[in-house]
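As structure tokens, the structure follows; a few thoughts come after it.
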Amino acid sequence: MTATHDLGYRALFAHPEMVRELLTGFTPFTVFEGVALSAFKRVNPDYVSERPSARQNDIVWRVQVGDDFLYVYILLECQSGVDRWMALRMQTYVGLLCQDLVKRHELSPGLLLPPVLPLVLYNGAPRWNASMDLAQLLMAAPAELAAFQPSQRYVLIDQQRLDLAALEANDDLLALLFRIELSQVPDVLHTHFRALMAWFRDTPQTSLRNSVWTWVKALAARRTDNQEIFDIEPMEVTDMETTMLSWAEQLEQIGLKKGLALGEKAREEARVQGRQEGMIEGQAIGLRKVLGSLLARRFGDVPAWVVQRIDQGTIDELEQWFERSLDATGLAAVFGDATATGRSSSD
């Protein structure tokens, strides 16, 4: 994700509705089903680093399930590549989270640490192939030390490889946004935008609506590499709809221009390649004529096999034969192989 795109997702996951949809719709855990939104409380993650800005992509929520609390640590992975050491990073973050809970005296009555769900939301192009278990990153320990080695796992949501059929069957807002993220511009404009505008008209939550607006702007800017076009502050729903329709036209025009530019580039490359190939072929034709004339002048009538060799010869072969023909004693010496020797004696 780019920094702009991260901003869109951070805005979304500042809302318990989006966090609950992420957990119930895109993880296998049922413990979060039916949990009230009031049970979700945002936690400041600045404790995990001496430089808070370095951890701005981290989102931590405390969720009350029954009488107990558990913590959900969501890391927005903004790298274009795969992080081999993610399991190690997660162990560090979870350890710092637990250490902060001890420091703040926010443990259970039995002074026990709470469960933590480490979750990575990744939408890079390369397939995520890093180990999700820290144990696989450790050297094999002697048997008597094995029980003392660190352990940490995390859950991965690889957005680029979500099941599209499952996404289509999911009516949640987050699933719609993921569909928009993964779809081509025509599908977004003609199908998904309509559903999104219906959501905008129906939702009474101004804060969430503004966060979704921020996400849409970030995505549109990333699709076009133009932040300024979409840098518009939150507005009334009717204005949003008008603006999004305008964006749709701009996106179509941008897509058309990009397509035309790519087409013209391909045609120009073909023309250049054609000219290069034409020049090479022209040189070959000239060499064939000169070589044939020279061989005929030096050795008389040129046999059919020589004509065939010359017609099939490459530029390099023709140049080599031409140089040899200047002082060669016969056709065999020109072509330099046993086949030529045998044929020259018979022809």
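The values are calculated or read from the model by the stated rules, or taken from the named source; none is laboratory data. These numbers come from a predicted model, not from an experiment. Virtual Cβ from ideal backbone geometry, glycine too; neighbours counted across all protein chains shown. The protein model used for the area step is the full one, side chains on, heavy atoms only, and it has no ligands, DNA or RNA in it. Shrake-Rupley method; radii C 1.70, N 1.55, O 1.52, S 1.80 Å.
Quick notes on this structure:
- The range 134-155, residues that are outside any loop (DSSP other than H, G, I, E, B), open to solvent by less than 40 Å² (accessible area, probe 1.4 Å) and either among the polar types (S, T, N, Q) or under 22 Å from THR27 (Cα atoms) (or both): LEU134, VAL155
- Residue in the range 9-28 that is farther than 25 Å from GLY124 by Cα and either at pLDDT below 90 or open to solvent by 70 Å² or more (accessible area, probe 1.4 Å) (or both) present: no
- Search result, residues across the range 292-317 that are in a helix (DSSP H, G or I), modelled with pLDDT of 85 or more and either of a type in the set (Phe, Trp, Tyr) or crowded, with 17+ Cβ neighbours inside 10 Å (or both): LEU295, TRP305, VAL306, ARG309, ILE310
- Candidate set from the range 40-86 (those that are at pLDDT 70 or above and of a type in the set (S, T, N, Q)); member that is nearest to ALA125 (Cα to Cα): ASN44
- Residues of the range 192-246 classified as of a type in the set (S, T, N, Q) and at pLDDT 75 or above, total: 7
- Some residue of the range 102-109 being of a type in the set (Asp, Glu) and either under 26 Å from the mean Cα position of the chain (by Cα) or surrounded by fewer than 16 Cβ atoms within 10 Å (Cβ to Cβ) (or both): yes
- Given (1) closer than 27 Å to PRO45 by Cα; (2) part of a loop (DSSP other than H, G, I, E, B); (3) aliphatic (A, V, I, L, M), number of the condition LEU117 does not satisfy: (2)
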